[in-house]
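The values are calculated or read from the model by the stated rules, or taken from the named source; none is laboratory data. Quantities reported herein were computed from a predicted structural model and do not represent experimental measurements. Glycine also receives a Cβ, built like all others from the backbone with ideal geometry; neighbour counts cover every protein chain displayed.
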Amino acid sequence: MYKKGEIEAANKTSRATKSVGKFALLPRLVRENEDKELTILDYGAGKEAIHTEMLRRYKFHNVTAWEFGDNFDSSIHDTEALTRQYDLVFASNVLNVQQSEKMLRATLEQVSSLLNLKGRFFCNFPKEPNHLGLFLDEVENILQEYFPKVERIKRKYSGRIWMCSNSTIPGIPYPINVMPMTPNGS
Ligand SMILES: C[S@@+](CC[C@H](N)C(=O)[O-])C[C@H]1O[C@@H](n2cnc3c(N)ncnc32)[C@H](O)[C@@H]1O
């Protein structure tokens with residue numbers, strides 16, 4: 001499904017600093033707005049699956065971590081992760097490290113198969129790195145090919161997060177109460 005070199009390149013983007021941990025917006029958005037009982041998959045969790053651990057500390061009971069290639073560690077990531085379907089899948093800083101449009105599409109195809117009927121997929125597309133040089137609208141257009149409903153979460157300080165779902169039934173507007181956070185915590 002993926003080329004070896006592409007997996008290796010994506011693997012190298014995993015790190016444990018900067019926009020990881022409490023500064024990462026997408027896992028915070030999940031933490032602050034979602035039900036702790038949901039089945040959740042941290043897709044492309046990174047070598048140490050820091051956000052899976054963070055959510056578990058906040059009493060999210062059903063969080064699974066998934067990685068591929070050399071970043072997969074069976075003591076951290078779940079070998080069976082792709083055999084189940086989830087209420088919520090999130091991919092933090094994952095789409096922007098896809099090495100080709102073909103790889104991006106294979107990833108989205110895989111994620112869409114991991115959502116249950118009511119399932120939602122949260123993803124972001126940070127400015128850097130952007131191996132494919134895609135604009136946000138282009139990412140959104142591609143997402144729309146894989147998910148019936150794609151909504152950009154409007155946040156005044158970024159707006160680079162989407163909520164995608166299989167259901168086209170209108171839902172309650174998403175309650176956004178995420179505030180920007182700076183590295184010194186102010
Ligand atoms: C920049 S890191 C982000 C890690 C973590 N999600 C975070 O926010 O800190 C991107 C990770 O996504 C993983 N990744 C990219 N595409 C993937 C795929 N199709 N399946 C599984 N993991 C993937 C890479 O191996 C890498 O560890």
Of these, 70, 78, which one is in contact with a strand residue (DSSP E or B) (Cβ under 7 Å, 6 or more places away or on another chain) and either surrounded by fewer than 20 Cβ atoms within 10 Å (Cβ to Cβ) or charged (D, E, K, R) (or both)? 78
Need pairs with beta-carbon distance below 8 Å; first residue within 10 Å of residue 31 (Cβ to Cβ) and within the stretch 54-73, second within 10 Å of the ligand (Cβ to nearest atom) and at pLDDT below 95; sequence gap 6+ or separate chains. 54/21; 54/27; 55/27
Is it true that some residue in the stretch 168-175 is exposed (fewer than 14 other Cβ atoms within 10 Å of the Cβ) and at pLDDT 95 or above? no
Going by the conditions given, is residue 137 assigned to a helix (DSSP H, G or I), surrounded by fewer than 16 Cβ atoms within 10 Å (Cβ to Cβ) and near the ligand (Cβ under 9 Å from one of its atoms)? no
Verdict on residue 39 being within 26 Å of residue 167 (Cβ to Cβ) and over 17 Å from the mean Cα position of the chain (by Cα): no
